[in-house]
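Visitor: Dropping a structure here in C-alpha cells format, bear with me for questions.
The values are calculated or read from the model by the stated rules, or taken from the named source; none is laboratory data. Since the structure is predicted, the reported quantities are computational estimates derived from the model, not experimental observations. Cβ placement follows ideal geometry from the backbone for every residue including glycine, while neighbour counts extend to all protein chains displayed.
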Amino acid sequence: MIQEEYDNIEAFQREDTEHVLPLGWLILFIGLIVFGIYYIYAYTPAFTGWSQEQQLEEVMKTVK
Amino acid sequence: MSKNDNSIYNRALLFSIVAAVTVLIGTIATVFVPMFTEGMHPKVDGLKPYTALELAGRDVYQAEGCVNCHSQVIRPLKADVLRYGQYSKAGEYAYDRPFLWGSKRTGPDLARIGGKYPDEWHIQHFESPQAFYPKSNMPPYPWFKEKQVNVKETLARMDALSFPYTEEEAAELEGATELDAMIAYMQVLGTSIAKEALIEIDESMIEAESPVKGDADAIALGKKLYKAECSGCHGQIAEGNIGASLVDYAEFEPLDTDTYITIANGFEGAMPGYAAKFSKEKIWAIVEYINSLK
Amino acid sequence: MNEYQYDYKTVQGFVLSAIFWGVIGLVAGLLISAQMWSADLNFGEYLSFGRLRTFHTNVLAYGLGIGAEFGLFYYITMRLTKKPFVLPKLARLHLWLFNIGVGAAGLSLLIGMNTSLEYAEFEWPFDVAIVILWVMFAINILGNIFTRKEKHLYVSLWYIIATVITVAILYIVNNLAIPATLTKSYHLFAGVNSANVEWWYGHNAVGFLFTTPILAMFYYFLPKSTGLPLFSHRLSIISFWSLIFAYLWTGAHHLVYTPLPDWIQTLAIAFTLFLIAPSWGSVVNGYFTVDKDWSKMSTNYLTKFFIVGITFYGLQTIQGPSQGIRVISSLIHYTDWVPGHVHMGTMGWVTMVICASIYYALPAMYKTTIFSEKIANTHFWLVLVGQVMFSITMWITGIQQGAMWKMTAADGTLQYTFMEGLVRNYPYWQMRTASGLIFVVGMLFFIYNVLMTIQKGKKNLAKLQEA
C-alpha cells in the first residue's frame, strides 16, 4: 500500500501578512459601497421619480 | 488563520448556516419579496391566454431554441421603438411560462411580429429565409410543414396551464402542422395592446410629387433598397409574389404620393411600414425605382 | 504519513469524463460558430443552430465545468479534511450517474426537449436527476467536511461549502415547474416574475458554478503548485463574505430596460458594480501571493496558468459590472459583445484554472510528474491566443452592431436595416471560428498531455507497489 502525505494546513497561509488589507483595495471597496448607495438613491423611482419610461419620453421629444 | 476553536472557520456547521443565510438575504429582497407584490403580476386588458394552436407554436419555438437568436422584449429606447414598435409592457406577458425575452439579437426582436407580415410570408420564410434575404443566417425550417401537431399532447399542456379551449378549437388541431402552429404563434405576438404607429405619414408631410423625378442615382439607390427589403414579397424583378406585381402597379401610373404613403405606412397584416426605418430620400428613391418599372 | 489511501479513482474518473464532454461541447461550439456565418451548415432538424447552441452551452457547463468541479472538489476536500471519502461507493455511483445524466440530457436538447430558460433548459425529469446528483455530491462533500480531521477550514473549503449550498437553492427554485407530460413542463413563474427568477438563477449559476468553484481551486492549487503560502487571510475573509452576499442581488442586470420594475434593476446594477471589490480581493490576494517570488512565473510552469487565469477573472469582473450600467447595456446588450465577455470568463479563467488544477492534481495522484512541460506550455499559449482573439473580435463586432442598430439619420429615421447590421458581423464571426479552432487545438495538446501523464503514472504506481 502506498502511503499518503498530509496537506499541511500551516503551509497554505503566510503568518507575516495574515492581517494585511492593501490600502488601494480598501479604498475601492469602500468607494464602491458609497457609489452603490448613491446609485440606488438616484435611480429608484420612489426616491427621485426617475423611471426608464420617463427617460424615453424625454428622448422622443427630439423625434418629430 | 484562527487558532480559536470557536472561530467560524473552525466550525463547519455554523459556517454553512451563516453562508446559507448570507446568500438568502439578496434572494429574499430581490426575488421572493417582489414575487408577492402587485407589480410583478400585471395583465393588460387585451391579453388572452394562448389558444391550443398558438401554444403548440410556442412550444415549437422553445423546442427549436429560437430564443437563442430572437428577443421578445422592446426596450424603452429610441432605436428599439423606431425599429420594433411600442416598448413592451409588463402586462403583456402574464401568460408566458416561461418568459421568452431572450438575451441575444442575432435575428431581430419578435415582440411585435404579430400582424407585421401575412401568413404566406412566414410560410415561405420558414421554408427558406435566404429566399427573402440571401445573406440571412437563419436556419431554414422545412420540417415544420411535415410535422403534425400532437393533439393529445397539446391538450394535456393546455390543461396543465389551465388555458381554456372549446371542442372546436381542439378539433382545429387535428391535421395542423408545426408550421400552422408557429404562424399562429407569430401572429399573436405583441397584439394584446392596440398598435400605434410611431410615425404616421400623410400628404401634408411630404412633397406633392417626387423631388428626384427620373433621377438615375435615385433609381439605382431605390433598386438596391428594393432588392434588400422588398424583393422577398414583390419578386426579384418586381413581378409579384406574396405582394402585388409592381410592374403592373407602375402601369397604372399611380401618384407619387400614394406610393410614398404606402411604403411609409404599410398595411396592417399585409405589409410593414418603413417610415421609421427609411429616410425620406430612401423612400423617394424606392418610389422612383417603382416608377421606372413601367 | 498516514495509514489510509485516498480513493483517487473517482477523482480521475471525473477528470476524464470532464475532458470527454469538453471535447464534444467544443466541437459543437465550432460548428455553431460556423453556422453563424453560413446557414448551409445547419444539417437538418437535430443539428440546427437553435438546438445545437443550447447543447453547446449545457454540455460544456454541466459536462466539462461541473464534471471537473466534482472531481477536483473531491480531491481538494479529501486533502484539506485529511480524510478519504466517507462514502466511497456513493462517490463512485455519483460518477456513473453523472455521465449517464449528461449524455441523456444533452441528447434531450437535440430532440427538442427545451424549457428555453437559459442555462436551465433541461426538462423536469432531468432536473429531478440533477438535484439527486447534487444531493449525492453534497453528502460526500459535507460528510467529509463535518467529520474532518483537520480542525481549520481553509479558504477553498469556504468556497466549496458556498457552492454546494447556493447551487442547490438556485437550481431548485428556478426549476420549479408545472409538469404537463413527461417531456414538457412550464415555469411555475409567469411573465416578469419568470424573468426575475430566471436571471437571479442565471447570473448566480455563473457565480456559483464558474466563480466560487474556480476560486476554490485557485486558492488551493496556487499555494500547492508554487509552494508560496496565501498572502492575506483577512483579505480572503472579506472577499469571500462580500462576494457571496452581493452576488445574489445582481441577477436583474440581465434585464436592464425590460419591463421589470426599475427599483429591482437599480438594486442589481448597484450590487453588480460593488462586486468589483470582492472579485479584485481574490485577484490582489493571488498577485501578492506570487509577489514573494515572481521568478516562479518562468521557473514553475503552472504559475502562469493561475496568474493569467486570475487576471482574466479580474478583467471579467470589471467588464461584467460595467456592462450592467444602463448606458452601456443600452448599447451592447443583445449584441455579440456579450458572448465575447462570456468566453473570456469560460476560456480565459475557468478552463485555464481547471486545466492547471488537473495538471497539478493528476501527477500528484499518480506520484509522478507531468508528461511534458513543453506540451503544457504550447497548450497555454494556444488557448491564450485563441481566447484573446475570440473575445476581441466579439467586442469589436458587438460595438459595431450596437452602434448600427442605434444610429439615426438626420431626419430621425434609422440609418441601417437589420440585415445591413447583420452582414457586417460575418468577417468577425469567421475570425471567431478561427480563434475557436486555435483554442481547440490548444485543448488537444492538453488532452494528449493528460493521457500520457496517466500512462506514465500508471507505470509508476505499479513500480511503487512492487517496491
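Visitor: Testing B:A220 on (1) over 27 Å from B:H122 (Cα atoms); (2) at pLDDT below 95, one condition comes back false. Which one is that?
Guide: (2)
Visitor: Sticking with this one: Condition test on C:G44, is it surrounded by fewer than 23 Cβ atoms within 10 Å (Cβ to Cβ), within 14 Å of another protein chain (Cβ to nearest Cβ), without any contact (Cβ under 8 Å) to a residue 12 or more places away in the chain and over 19 Å from the mean Cα position of the chain (by Cα)?
Guide: On the way: surrounded by fewer than 23 Cβ atoms within 10 Å (Cβ to Cβ): yes; within 14 Å of another protein chain (Cβ to nearest Cβ): yes; without any contact (Cβ under 8 Å) to a residue 12 or more places away in the chain: yes; over 19 Å from the mean Cα position of the chain (by Cα): yes.
Here the answer is yes, as C:G44 does meet what is asked.
Visitor: Now a separate question. Please give the number of the condition B:D80 fails out of (1) surrounded by 18 or more Cβ atoms within 10 Å (Cβ to Cβ); (2) in a loop (DSSP other than H, G, I, E, B).
Guide: Tallying (1) surrounded by 18 or more Cβ atoms within 10 Å (Cβ to Cβ); (2) in a loop (DSSP other than H, G, I, E, B), B:D80 fails exactly one: (2).
Visitor: Just checking, which of B:I74, B:I123 is more than 8 Å from every other protein chain (Cβ to nearest Cβ) and either touching an Asp or Glu at 6+ places or on another chain (Cβ under 7 Å) or assigned to a loop (DSSP other than H, G, I, E, B) (or both)? First the steps, then the outcome.
Guide: Values: B:I123 fails: either touching an Asp or Glu at 6+ places or on another chain (Cβ under 7 Å) or assigned to a loop (DSSP other than H, G, I, E, B) (or both).
After ruling out the rest, the residue left standing is B:I74.
Visitor: Identify all residues within the range B:275-294 that are aromatic (F, W, Y) and over 25 Å from the mean Cα position of the chain (by Cα); write none if there are none. Before the answer, list the steps.
Guide: Within the range B:275-294, the first condition is being aromatic (F, W, Y), and the residues that meet it are B:278, B:284, B:289.
Listed by number, the residues that qualify are B:W284, B:Y289.
Visitor: Testing C:M344 on (1) touching a Gly at 6+ places or on another chain (Cβ under 9 Å); (2) crowded, with 23+ Cβ neighbours inside 10 Å, one condition comes back false. Which one is that?
Guide: All conditions pass for C:M344, except number (1).
Visitor: If you don't mind, another one. Could you check B:A216 against (1) more than 14 Å from chain C (Cβ to nearest Cβ); (2) on the phi > 0 side of the Ramachandran plot and say which number it fails?
Guide: Status for B:A216: all satisfied but (2).
Visitor: Same structure, new question: Residue by residue through the range B:249-274, note down the ones that are outside any loop (DSSP other than H, G, I, E, B), of a type outside the set (F, W, Y) and over 26 Å from the mean Cα position of the chain (by Cα).
Guide: Quick first cut of the range B:249-274, residues outside any loop (DSSP other than H, G, I, E, B) only: B:249-251, B:256-265, B:267, B:271.
Filter again for of a type outside the set (F, W, Y), leaving B:250-251, B:256-259, B:261-265, B:271.
Across the range B:249-274, the qualifying residues are B:A250, B:E251, B:D256, B:T257, B:D258.
Visitor: Which helices (runs of 4 or more DSSP H) does the range C:243-314 wholly contain that include 3 or more residues that are touching a residue at least 60 places away in the same chain (Cβ under 8 Å) and over 30 Å from A:R14 (Cβ atoms)? If you could, list the steps in order and put the result at the bottom.
Guide: On the way: elements: C:262-274, C:276-291, C:296-299.
Correct list: empty, since no element meets the threshold.
Visitor: Another one. Which condition does C:V441 not pass, out of (1) hydrophobic (A, V, I, L, M, F, W, C); (2) touching a Ser or Thr at 6+ places or on another chain (Cβ under 7 Å); (3) farther than 25 Å from B:K227 by Cα, if it passes all the others?
Guide: The single condition C:V441 does not satisfy is (2).
Visitor: Inspect the range B:240-248 for any residue being surrounded by fewer than 21 Cβ atoms within 10 Å (Cβ to Cβ) and part of a helix (DSSP H, G or I) and give the result as yes or no.
Guide: So far as the range B:240-248 goes, yes, one or more of its residues are surrounded by fewer than 21 Cβ atoms within 10 Å (Cβ to Cβ) and part of a helix (DSSP H, G or I).
Visitor: Could you list all residues from the range C:198-235 that are of a type in the set (G, A, S) and within 21 Å of B:Y9 (Cβ to Cβ)?
Guide: Filtering the range C:198-235 down to residues of a type in the set (G, A, S) leaves C:202, C:205, C:207, C:216, C:225, C:227, C:232.
If the condition is that a residue be of a type in the set (G, A, S) and within 21 Å of B:Y9 (Cβ to Cβ), then C:A216, C:S232 are the ones that fit.
Visitor: Would you confirm, using the coordinates I've provided, whether B:L47 is surrounded by fewer than 21 Cβ atoms within 10 Å (Cβ to Cβ) and under 28 Å from C:T258 (Cα atoms)? So that I can check it myself, show each step before the final result.
Guide: Working: surrounded by fewer than 21 Cβ atoms within 10 Å (Cβ to Cβ): yes; under 28 Å from C:T258 (Cα atoms): yes.
The answer is yes for B:L47.
Visitor: Right, C:Y75: assigned to a helix (DSSP H, G or I), more than 13 Å from every other protein chain (Cβ to nearest Cβ), of a type in the set (S, T, Y) and under 21 Å from the mean Cα position of the chain (by Cα) or not?
Guide: Working: assigned to a helix (DSSP H, G or I): yes; more than 13 Å from every other protein chain (Cβ to nearest Cβ): no; of a type in the set (S, T, Y): yes; under 21 Å from the mean Cα position of the chain (by Cα): yes.
Taking the combined requirement at face value, the residue does not satisfy it.
Visitor: Now for a separate question. Can you find even one residue in the range C:139-152 that is crowded, with 19+ Cβ neighbours inside 10 Å, touching a helix residue (DSSP H, G or I) at 6+ places or on another chain (Cβ under 9 Å), in contact (Cβ under 8 Å) with a residue 12 or more places away in the chain and away from every other protein chain (no Cβ under 11 Å)?
Guide: Checked against the condition, which is being crowded, with 19+ Cβ neighbours inside 10 Å, touching a helix residue (DSSP H, G or I) at 6+ places or on another chain (Cβ under 9 Å), in contact (Cβ under 8 Å) with a residue 12 or more places away in the chain and away from every other protein chain (no Cβ under 11 Å), the range C:139-152 yields at least one hit.
Visitor: Output the residues belonging to the range C:413-442 that are surrounded by fewer than 22 Cβ atoms within 10 Å (Cβ to Cβ) and more than 14 Å from every other protein chain (Cβ to nearest Cβ).
Guide: Across the range C:413-442, the qualifying residues are C:M431, C:A434, C:L437, C:I438, C:V440, C:V441.
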